[in-house]
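The values are calculated or read from the model by the stated rules, or taken from the named source; none is laboratory data. Keep in mind it's a predicted model, so treat the numbers as computed, not measured. We work out accessible area using only protein heavy atoms, side chains counted, and drop any ligands, DNA or RNA first. Shrake-Rupley method; radii C 1.70, N 1.55, O 1.52, S 1.80 Å.
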Amino acid sequence: MKVMIRRSPETGLSIYVPKKDLEEPIVEFEHESLWGGWIRIANGWVLDLPEMAAGTSLPITVNARKRGEGEEQ
């Protein structure tokens, strides 16, 4: 699914999912750079992000994959 990742001074890192009209803060992530690992957002979803360069500027729209229930992190 397409998601937009952005950083704001008020909320820190957050994602926006246009098809769901959903905006949530990122509460946990596998890698400090975000890319190539999983992130957890405030509603509990875990998303896998693509590999990208560590210095990739935000905001950016990427394809993320939502993990199903019970999948390992």
query: Taking the Cα atoms of the chain alone, what are Rg (to one decimal) and Dmax (as a whole number) in Å?
result: 11.4, 33
field: Ranked order, Ile41, Ile60 - accessible area, probe 1.4 Å, largest first
entry: Ile60, Ile41
Accessible-area ranking of Leu47, Leu58, largest first, probe 1.4 Å: Leu58, Leu47
